[in-house]
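K.L.:
Quick one: this structure, given as structure tokens, is what I'll be asking you about.
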Amino acid sequence: MVLPTPAPADLEDLVAAALAARERAYAPYSDYPVGAALLVGDGRVFAGCNIENAAYPATICAERAAVATALAAGARDLVALAVIAAAPEPVPPCGLCRQVLAELGPQIVVVLANTAGERRLTSAAELLPGAFGPADLRPERA
């Protein structure tokens, strides 16, 4: 399935939704709130924010929170994701989030943003070239 490419105005709306989600982050340990907003094929937007935990591996990134919320609502066609933080450069997803995006949204448009207004467009494939995927687990399924 070929997913639609979002218009620049739609991507800016997505960044605004990610910025709003950032305000709901729970980041008492890092003091680094991150927001994400995910556009799916039917036009719905799912927001996520980072949720830290004193047991650090239990922390949930904003990007994965948005993806999990979308999948829990039945969405499977991930079109675009915006992620934003107060960083010197537009913030990229961590490695774990890149892996999730590569598998669940291989064609996804990714907007990296910071609160200073900088933006950078990329994709799951650019963020994680040569990603490990389902075909690597069972080559006969590829």
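K.L.:
Might you check whether a residue that is surrounded by fewer than 20 Cβ atoms within 10 Å (Cβ to Cβ), of a type outside the set (A, V, I, L, M) and closer than 30 Å to A135 by Cβ occurs anywhere in segment 27-37? Outline the logic, then answer.
P.N.:
Applying the first criterion (surrounded by fewer than 20 Cβ atoms within 10 Å (Cβ to Cβ)) to segment 27-37 yields 27-32.
From what's left, of a type outside the set (A, V, I, L, M): 28-32.
In the following step, the residues that additionally are closer than 30 Å to A135 by Cβ were identified as none.
Scanning segment 27-37 turns up no residue that is surrounded by fewer than 20 Cβ atoms within 10 Å (Cβ to Cβ), of a type outside the set (A, V, I, L, M) and closer than 30 Å to A135 by Cβ.
Listed here are the residues, each with its yes/no results for (1) free of Cβ contacts under 8 Å to residues at least 40 places away in the same chain; (2) of a type in the set (A, V, I, L, M); (3) in contact with a Ser or Thr (Cβ under 9 Å, 6 or more places away or on another chain).
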site	(1), (2), (3)
V79	no, yes, yes
P88	yes, no, no
V91	no, yes, no
E103	yes, no, no
V110	yes, yes, yes
A116	yes, yes, no
P129	yes, no, no
R138	yes, no, no
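K.L.:
If T69 satisfies all but one of (1) in contact with a Ser or Thr (Cβ under 8 Å, 6 or more places away or on another chain); (2) of a type in the set (V, I, T); (3) outside any strand (DSSP E or B), what's the number of the condition it fails?
P.N.:
Only one criterion in (1) in contact with a Ser or Thr (Cβ under 8 Å, 6 or more places away or on another chain); (2) of a type in the set (V, I, T); (3) outside any strand (DSSP E or B) is unmet by T69, namely (1).
K.L.:
Residues to consider are P92, P4; find the one that is surrounded by fewer than 22 Cβ atoms within 10 Å (Cβ to Cβ) and at pLDDT 95 or above.
P.N.:
Answer to the selection: P92.
K.L.:
If you go through segment 92-119, how many residues are over 11 Å from the mean Cα position of the chain (by Cα) and within 20 Å of A20 (Cβ to Cβ)?
P.N.:
Number satisfying all stated conditions: 7.
K.L.:
For segment 48-75, give me the residue count where each residue is surrounded by fewer than 23 Cβ atoms within 10 Å (Cβ to Cβ) and closer than 17 Å to S123 by Cα.
P.N.:
1
K.L.:
Which of the residues that make up segment 120-142 are touching a helix residue (DSSP H, G or I) at 6+ places or on another chain (Cβ under 7 Å) and closer than 19 Å to G35 by Cα?
P.N.:
A124, L127
The values are calculated or read from the model by the stated rules, or taken from the named source; none is laboratory data. Everything quoted here is computed from the prediction, not taken from an experiment. Cβ atoms come from the backbone with ideal geometry, glycine included; neighbour counts cover every protein chain shown.
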